[in-house]
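The values are calculated or read from the model by the stated rules, or taken from the named source; none is laboratory data. None of these values were measured; they are calculated from a predicted model. Glycine gets a Cβ as well: all are built from the backbone with ideal geometry, and neighbour counts include every protein chain shown. To get the accessible areas, we keep the full protein, side chains included, count just its heavy atoms, and leave off ligands, DNA and RNA. Shrake-Rupley method; radii C 1.70, N 1.55, O 1.52, S 1.80 Å.
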Amino acid sequence: MDAQGASAPFRGFAETLHGVAQTARKLEKADLLARYFHTLDDDDLRTAATFLTGAAFPAGDPRQLHVGWSALVEVIQELSGKDDAWLHDAYLRHGDLGDVAAEAFVSGHAARPGPETPLTLRRVREAFETMAAASGKGSRGAKAAVLRDLFVAATPLEAKYLVRIITTDLRVGLKAGLLEEAIAAAFAPAGAGGKSSRRALLPPVRQANMLISQIGEVAVLARAGRLAEARLILFRPFHFMLAETIFAPEEAFVPLRGGEEGSAAALLVEDKYDGIRAQVHLADGRLAIYSRTLDDITASFPDLHEDLRALGTRYIIDGEILAWRGEQALAFSLLQQRLRRKDPGRLLDQIPVTLMAFDLLHLDGEELLARPLRERRDRLERLTFRGRVRPSLATIAAAPADLARRFRDARHRGNEGLVAKRLDAAYQPGRRGRQWMKLKEELATLDVVVVAAEHGHGRRAAVLSDVTFAVSDGERLATIGKAYSGLTDREIAEMTRWFQEHTVRDLGRVKMVQPAVVLEVAFDAVMVSDRHDSGFALRFPRIKRWRADKSAAEINTLDDARRIYERQIVRPRADEATPIGAGGGT
Ligand code: AMP
């Protein structure tokens, strides 16, 4: 269909999502989406599929909305006439700003004129583009004006999903895999035998999405029967393959769950370097380095450019950038100092870096993602490494004892732990599974999200240094501990500012905050406890690091905490715990 034709109403999108949220059955969710996709032209299909990922823009698109929680709340209040007390109360009831917006607009006063011209998918997309383009002085006002326009035209249900896209969390139980299933269901050739043909279309849909990481484009290609044309595109970064946490060497050799590829007979084992992940693209003389958040960080690392150019002529590699001197990794905090600067200037000499390459995904026009790691590694090692770019140290482990030994060596070298990878597995962008497993310290750390913050004591009385944090449990968050800062004063100050701007309920000393700050916490044990919703508490939790590179969608689960608990040989009783709030942290 012609891209300039009438765009479909946003109402259809909101109603479809409402339907998806109503059912827990995956097949029903996929069917609802499939039926909806059929009603859209290509332009709308791209937009709707992107929004269904819970984002305003396709993955890897550098544009960002940068609309804060407080800006949203202000517009909702202005249009609905609801006061702070109502808002706090509603947030407590719903635990979700989208639901709060919907309720505010159902019962709000006449300051909101009500829908005149209905919203369309294109209008929403264009509004997001305008917001992303606003920058500098006055941008806050400009964005607020666009938000106001959108919400004035939105029904309460539409407002709910607008808020959820803007805050990048749809909360309807829709994972990327399900979206791929819905596309396969929607565009499987008609008459070719229903279920089996949609099953047949799923692998090419997944493959295409893996290559171009833009689900909207994949949907359009699927409908046109052109999935085979999907190619990895140089200089369009895609998501990194991730590792699942394991807590003991034996876990690495446990047979895989159904449906997962890869045998564990032998594993490729590498040190787990404590740096930042990097995807390097080189072609036609152009070089780009992308971060885990798919940001372009090429300019931060001029000291790597020459050696990266020498490596080959046309490639994509995956690796880790480390602060490094001689043969030794330097502290992560030093690397962070370099990252904070757009122009690293004199820090180039003070904090040298190296790039440890561990995967090769494209070489001279050939895509290697679907090839087994064994082959990718082989070809990686044949590149012309020199200077500051080197291949990661990789060895083979055939039994838990090999891993345990290797773990001690890695720790001895000052690295965080190990990453064990299945030799026959493909590279799966954005997936976290048992194809890659990470083993960190003797007792694992957990990535958690902060849900509340409070003022510290003494020197820390002015800052929000004490935090309560949660792990995920399906759609909900379950609190599991509280820690006193292990962060630097500078980080605490930065975090305090963020908490103040993202407070959803101010209880005086304690502020409930939008769950977005991810911390990596270390602890001595997991205990059963009724102090927190999770039913567990951490003994002596210590904040190891602020994981600004991670979103709340990537935190550890309650199941992970349970697995650590079950693995503990000596299980401390809850009553041995230091009372939370009385010096349990550092
Ligand atoms: P985590 O950040 O704790 O979820 O662990 C996954 C991260 O470990 C990846 O995103 C990489 O940045 C990092 N990493 C360090 N060394 C390796 C390695 N040898 N292979 C893969 N990932 C690694």
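Some points to look at:
- Cα centroid of region 230-249 to Cα centroid of region 40-59, whole Å: 22 Å
- The stretch between Ala248 and Phe235 holds 0.9 nm of extra length on full extension. This uses 0.36 nm per residue minus the Cα-Cα distance.
- Label point distance in nm, Ser196-Ala394, each placed 7 Å from Cα along Cα→Cβ: 3.9 nm
- Relative contact order for region 445-567, counting Cα pairs under 8 Å that sit 6 or more residues apart, in percent: 30 percent
- The smallest convex shape that holds all Cα atoms of region 56-191, its convex hull, gives 140 Å³ per residue.
- Computed from the Cβ-Cβ distance with R0 of 30 Å, the FRET efficiency linking Thr39 to His66 stands at 0.40.
- Relative contact order of the chain, taken over Cα pairs closer than 8 Å and 6 or more residues apart, is 12 percent.
- Unsatisfied cross-links (Cα-Cα over 23 Å) in the set Lys272/Lys550; Lys195/Lys421; Lys342/Lys544; Lys438/Lys482; Lys26/Lys421; Lys272/Lys544: Lys195/Lys421; Lys342/Lys544; Lys438/Lys482; Lys26/Lys421
- Overall form of region 445-567 per C-alpha gyration tensor (a/c, 1.5; a/b vs b/c): prolate
- With R₀ set to 45 Å, the beta-carbon distance separating Arg93 from Ala404 gives a calculated FRET efficiency near 0.35.
- Per DSSP, loop GluC sites (Glu not before Pro) in region 263-325 with at most 15 further Cβ within 10 Å: none
- Among the GluC sites (Glu not before Pro) within region 397-444, those in coil by DSSP and having at most 16 neighbouring Cβ atoms inside 10 Å are Glu441, Glu442.
- Measuring nothing but alpha carbons in region 242-440 and taking Rh as the Kirkwood radius, the Rg to Rh ratio lands at 0.96.
- Estimated FRET transfer efficiency when R0 is 56 angstrom, pair Val106-Arg382 (beta carbons, to 0.05): 0.30
- HN-Hα J in Hz across region 495-505 - Karplus 6.51, -1.76, 1.60, θ = phi - 60°, x for Gly and Pro: 5, 4, 4, 5, 4, 4, 7, 10, 6, 9, 8
- Between Ala462 and Arg547, the modelled label-to-label distance comes to 3.2 nm, taking each label 7 Å out from Cα in the direction of the beta carbon.
- The percentage of C-alpha pairs in region 273-353 whose separation is greater than 21 Å is 24%.
- Loop-resident sites, region 341-425, for chymotrypsin sites (Phe, Trp or Tyr not before Pro), counting at most 13 other Cβ within 10 Å (DSSP): none
- Just the protein heavy atoms count here, and of the accessible area of the chain at 1.4 Å, carbon and sulfur take up 51 percent.
- Ellipticity estimate at 222 nm from DSSP helix runs (n ≥ 4, -39,500 (n - 2.57)) divided over the chain, nearest 500: -11500 deg cm²/dmol
- Annotation: extensible slack from Glu475 through Gln22 equals 161.7 nm (criterion: 0.36 nm per residue apart, minus Cα-Cα distance).
- Each Lys and Arg contributes +1 and each Asp and Glu -1, all at the Cβ; summed about the Cα centre of the chain, the dipole is approximately 720 debye.
- Directionally averaged projected area (region 9-128, Cα convex hull): 8.7 nm².
- Taking 0.36 nm per residue of separation and subtracting the current Cα-Cα distance, fully stretching the chain between Lys175 and Asp530 would add 124.7 nm.
- Where the chain is the region considered: accessible area per residue in Å², 1.4 Å probe: 43 Å²
- Simple spin-label estimate for Thr117 and Thr168 in nanometres, 7 Å along Cα-Cβ: 3.1 nm
- Cα-based Rg of the chain normalised by 2.2 N^0.38 Å, two decimals: 0.99
- Region 1-156, relative contact order in percent, only Cα pairs under 8 angstrom and at least six apart counted: 30 percent
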